[in-house]
Structures are given as C-alpha cells and as structure tokens.
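Below is one structure; the comments refer to it alone.
The values are calculated or read from the model by the stated rules, or taken from the named source; none is laboratory data. Every value quoted in this text rests on a predicted model; they were computed, and no experiment measured them. Virtual Cβ from ideal backbone geometry, glycine too; neighbours counted across all protein chains shown. The protein model used for the area step is the full one, side chains on, heavy atoms only, and it has no ligands, DNA or RNA in it. Shrake-Rupley method; radii C 1.70, N 1.55, O 1.52, S 1.80 Å.
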Amino acid sequence: MEDYREIIKEWRQRPNETYGGYHLADRPAPDPELTETGPRTPAGEYWRRFWFPICLSEEVTNRPLRKRILSEDLVVYRDGEGNCGLLHLHCSHRNMSLEFGIIEERGIRCAYHGWLYDYDGTVMETPGEPAGSPLCEKVKQGAYPVQEFQGLVFAYMGPMSEIPDFPMYDTFDLDGHELVPYRLSYPCNYLQVAENTMDPIHTVYLHTLVGETQFEETWGITPVLKFNDGETGLYSTLTYRVDDMIWVRTQQTVFPTFSHVGAFWETGKDEKYFVRSSITKWTVPIDDTNSMIIAWRHFGPAIDPDGKGKRDEVKIESVDFEGQTEARDYDEMQRNPGDYEAQVSIGPIARHAAENLGKTDQGVMMLRNRLRRGIRDVANGKPVVHYDGDKPIKNLYTQDTVMPIPKRDDMDDDELMAAVAEEVMRIVREGDNFAGAEREAFIIENLKKIKSDNRFVVGE
Ligand code: FES
Ligand SMILES: [Fe+2]
C-alpha cells in the first residue's frame, strides 16, 4: 500500500500563490489505509475485531432483508423461533441471493434448490441431493454472530478466535433514560462522518454563527478546547463561559467510531452536574462510499427535564434535530447547512492531502492517528485492546456540568476555565474506582465542591 505521507508531501510542495488554482486543479487520492474497509483490507481487518450495530431490531422480520456492511453483501432475517440470522447474501449452492429466500420455523431456505440454512451457517438440508450426501457436512454458509440489545442488532464480523465479549457501557442503562433507536444514511465514507464528534469547534460556526442558530445561542461562544488521547478512545472537553457560569462538556469517541454527544438543547445557564449523553451512536461503513449512523436518542427526565426531544421524529432516516439527513430541499440546505451537508459535501471519500488542519483539528488528527495505529497493530498480528476490556460495565465520560464560577480579577478567564475542566475530568476519571450508582454519587458529590473551592472561586 502506498505511503500516504508521500501524497501529502507532494501536495504540500505545490506552489502557494494567489490566483493559483492551476496548481491545485487535480485532487489528491484518498487514504486507503483509513478509509477502505472491505474484506482483507487493513482497516477492514481492524473493523472486524469489534461489535457494532448493523440495523434496527424492527427491520428484522420474517422477510429477508438485504444489507451491505463493510462492503459485504449480507441478508438478515428472523426465523419462526425468533432467531436472528446474519448470512452472506449468496447461497452456497449456486449463489442465488437469499434476499429471495423463504423463512422457515428454523432457518432460511434458498428458493432455487431448497437448501436450508441455520443462523450459524449450518446447512440443515440439501433436499435435491441423494440421501447420505456429504454436502451438509462439507459446506457452511458464511454467517456472523449477532446480539440484539435495546432495539439494535449488533454483529461481530471477524474471526471467531478473536471475538470479544459483547461490550456493555454505563450509558446503556441509566436511570431516567429511555433509549430510542434510529439510523441515518450518508452517501460518503464512514470516517468523515465519525470525525464530526472529534471536531467540536464546528458547533460554534456550522450550528450557530455562520448559518442559523440550529441549537442554542450559547453554542456560538468559543469554548476552551482540550483533547485527551488514549489507547482505546479519545475525549474532548469544551468549556464555555456563560455569564457567571462555567459549562464543561465532555464528548467521547471509543474506537473505531462509537461516540456520545451531550444534550443539544443545553444552554449552559443552569447549574447541573454530570448530565449524560443525549445520543449514543456508531458510524458504520456500508462500503467505502456509503455509511450510516446507527444510534439511540436518549429520552426522559434525567437528560431532558423540559421534554424538548421529539420522540416521534426518531426512527429510520429521521431524527429530531435539523440538518442530519438529505430530507431537506436544496434551498434550505444552502441557506442553513447542517452536519449532513458538511460531511457529505466533502465528497464520497475525503482527500486528506488537500486539507490544511489547524490547532482546533487536534481531535481529528488524534482520531486518525489512533485508528491508523490500531489498523497497523491488527495487520502486525497484535490483539486489539478494547476499551475497559476487563470491566463488565464500561464507564464512559460524556457529560455536561454547569457550575456558578464567576470571572476572577486575578486570573485569566481561559486559564480558569481550563483549570476547572481539568478538575472536572480528574473527578470523573477518579469515579472509575466505583461502579453504577456509587460512581455517579461519588462524581456528583465531588463536582459540587468545585464551586466553593478557592482554587477556582474567590473565598467569601
Ligand atoms: S442456489 Fe441456493 S439452493 Fe441452489
Ligand atoms: Fe454537528
């Protein structure tokens, strides 16, 4: 595989002059190491070491559903016993598509010559063959294990010798949260969609100052940003000064693309502590030029006390905040572009060599570097290190905390905000010593001490 750094180097050497379009008229190639996820590609091998969702449970019925995931053509179905199967699309006999298969009490039967498959790929019947035919023993249909959880169907598409336990995270089961599944399609590579969460400064411009205010006006305040790099995930802190309040928002991505977003109606004006995600999402490659977000929107009093979410808008190809799908007319897209326009208009596959990244893009760079490292580790035969691999319930850091901490005369306000964010995350990380309700109580109790800590506020 060509070293992408050579392509970047060549592009950097292009003349940089006004009216210099001639020198930049072609487009550099995409970076295949990060963006190609088909079978036997380096990133494809990496992806095939994780559980990730492939569709909603409600899509899996007694009618076969054709799906394309990681550039593989598949069929997903539910048999009469309720077993969910994920099989290669083409029948192992003479390759008719199983999207035309007939679902039985147990398994799916190919329509062409009647071979019957179980959900694990076992050939249960080859009815036209003579009795005693060895075909049932000799042949296996390609199959993948699935697990259904909270309305999503998760799959593991890697070698069974390396299958990890199904990962359970703290945000999968939070008091006062109801998880509503949805999925959105993007006609572009997965990476440019997934990078959005690690590019938090776009919320100031895309969502607030450049077009219309799409969320809350306070999102137009430039936050103090800090990105934190780790072997299994990244998180950023965005710290806002909102009058006498300091609002610390933490957003996290667990590799490859599992990420979490705070409430999109948060204003940073009211005191609160350790309020969790409003969105838990995975960005999944369909193939190299198509991807999808499969996610839960969190509803309920703990995350949305004023009931601002619109549950009936959360479903397949729809979510209850604007600019996330192609379902808007072109005038509206141009007048008030959102995340969908930003990510898709980059092109089918981003050309990283044509970018010019700055300090605020540190999160994007960290994500790419870490993914590349993981991809190369798998290529070199190293086992994947999974987030909180040894914990039955894995602690995530995504949260919003808003505290009354006025500006100080004796301290630069950006420094004060950075120090407060550091303290918030120190406490949240220390919470890793506990689990469940005990962890939450520990974190909230200690976060509440910050507003009277004279390292941050002037004493009475
Ligand atoms: S092609 Fe499927 S049974 Fe023959
Ligand atoms: Fe966004």
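Filtering region 98-115 to residues that are out of contact with any helix residue (DSSP H, G or I) (no Cβ under 7 Å at 6 or more places or on another chain) and more than 9 Å from ligand 1 (Cβ to nearest atom) leaves 99, 100, 102, 103, 104, 105, 106, 107. Exactly one residue among 358, 381, 307, 363 is small (Gly, Ala, Ser), under 30 Å from residue 14 (Cα atoms) and out of contact with any helix residue (DSSP H, G or I) (no Cβ under 7 Å at 6 or more places or on another chain), and that residue is 358. The condition (being away from ligand 2 (no atom under 16 Å from the Cβ), open to solvent by 10 Å² or more (accessible area, probe 1.4 Å) and not in a strand (DSSP E or B)) is satisfied by just one residue among 29, 43: 29. On the basis of being within 16 Å of ligand 1 (Cβ to nearest atom), under 30 Å from residue 315 (Cβ atoms) and either in contact with a Leu (Cβ under 6 Å, 6 or more places away or on another chain) or outside any loop (DSSP other than H, G, I, E, B) (or both), does residue 148 make the cut? No: the conditions fail for residue 148.
Only strands (runs of 3 or more DSSP E) whose full extent lies in region 163-272 are considered here, and the ones with at least 1 residues that are among the hydroxyl-bearing types (Ser, Thr, Tyr) and touching an Asp or Glu at 6+ places or on another chain (Cβ under 9 Å) are 178-186, 233-242, 245-254.
Going residue by residue through region 327-342, is there one that turns out to be of a type outside the set (S, T, N, Q), away from ligand 2 (no atom under 15 Å from the Cβ) and assigned to a strand (DSSP E or B)? Scanning region 327-342 turns up no residue that is of a type outside the set (S, T, N, Q), away from ligand 2 (no atom under 15 Å from the Cβ) and assigned to a strand (DSSP E or B).
For residue 68, are the conditions met, namely being open to solvent by 20 Å² or more (accessible area, probe 1.4 Å), in a loop (DSSP other than H, G, I, E, B), in contact with a strand residue (DSSP E or B) (Cβ under 8 Å, 6 or more places away or on another chain) and basic (Lys, Arg)? It is false that residue 68 is open to solvent by 20 Å² or more (accessible area, probe 1.4 Å), in a loop (DSSP other than H, G, I, E, B), in contact with a strand residue (DSSP E or B) (Cβ under 8 Å, 6 or more places away or on another chain) and basic (Lys, Arg). Filtering region 329-369 to residues that are without any contact (Cβ under 8 Å) to a residue 40 or more places away in the chain and over 20 Å from the mean Cα position of the chain (by Cα) leaves 329, 330, 331, 332, 333, 334, 355, 356, 357, 358, 359.
Could we say that residue 326 is touching a strand residue (DSSP E or B) at 6+ places or on another chain (Cβ under 6 Å), farther than 20 Å from residue 177 by Cβ and surrounded by fewer than 16 Cβ atoms within 10 Å (Cβ to Cβ) here? No, not satisfied.
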